[in-house]
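Presented below is the structure to which this report refers.
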Amino acid sequence: MKTTFFSILFFLSSIFIFAQETYKPYNENADIRADLKKAVQTAKEQHKHVLIQWGGNWCPWCIRFHKLASSEHQIDSIIKKDYVFVLANVPREKSKRDMGLYGEYGYPNRFGFPVFVVLDGNGKQLHIQDSGLLEYAKAPGYDTSKVVNFLKMWNVKAVDPASYTGK
């Protein structure tokens, strides 16, 4: 009985590890500075904000968030409607990370990964979001309602003073 249990556990673990390794949303060869410049330009043209998800294919929580964002219709639709979404690859090796770029964005890496940065259409940083605050309190995974709330609180309309003054 023990052998069967451990065999099944090993099999399921192998499937999970294989699935994590084959799903790689981050482009490890991307020029993140060029991608961000293009995203800001697009956001300005489309009257949106830029949502940067810093993380990597080596990070299970980064993969977990990306899968949620692309499969949960409500989250996916908010991102597409309100943001230019950028996956900013963070190399596993710390020596290969662009610390100067982190500095330009207020060192979002201090929160761990994934971490989110919201920029306006001029490239001005509006917010850094610690992804840990978007998780369920007592269960593993991201809380869809917390993610939706975060996205709604930092879109163009939410930060526009005219939304609150009636002008």
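Since every read-out is calculated from the coordinates, none of them should be taken as a lab result. Bear in mind the structure is a predicted one, so any value in this text is a computation, not a measurement. Glycine also receives a Cβ, built like all others from the backbone with ideal geometry; neighbour counts cover every protein chain displayed.
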Which percentage, to the nearest 5, of the DSSP beta bridges contained in the chain is antiparallel?
-> 60 percent
Whole-Hz couplings from phi, Karplus 6.51/-1.76/1.60, listed for segment 155-163; x for Gly and Pro = 7, 4, 4, 5, 9, 8, x, 5, 5
Cα-based reach from residue 94 at 19 Å (exclusive), listing aspartates and glutamates while leaving out same-chain residues under 8 positions away = 28, 31, 104
Long pairs among 37/138; 96/138; 24/124; 44/146; 38/138; 24/48, criterion Cα-Cα beyond 32 Å | 37/138; 96/138; 38/138
Across 127, 47, 73, the residue with the highest GNM fluctuation in the chain (Cα network, 10 Å cutoff) is 73
Those GluC sites (Glu not before Pro) in segment 67-127 that DSSP places in a loop and that have at most 12 other beta carbons within 10 Å | 93
Using helices alone, what [θ] at 222 nm do you get for the chain, with -39,500 (n - 2.57) per DSSP H run of 4 or more residues, divided over all residues and rounded to the nearest 500?
-> -14500 deg cm²/dmol
Most to least packed among 154-161, 79-86, 95-102 [average Cβ atoms within 10 Å] | 79-86, 154-161, 95-102
Compactness of segment 26-165 as Cα Rg over 2.2 N^0.38 Å, two decimals = 1.01
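Pick out the long, greasy-scoring helices in the chain: whole DSSP H runs spanning 27 Å or more along their own axis by Cα, mean Kyte-Doolittle at least 0.0.
Span-like helices, by this rule, are 2-22.
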Per residue of segment 129-143, in order, report the coupling 6.51 cos²θ - 1.76 cosθ + 1.60 (Karplus, θ = phi - 60°) as ³J(HN,Hα) in whole Hz, putting x for Gly and Pro.
-> 10, 6, 5, x, 6, 9, 8, 4, 6, 10, 9, x, x, 8, 8
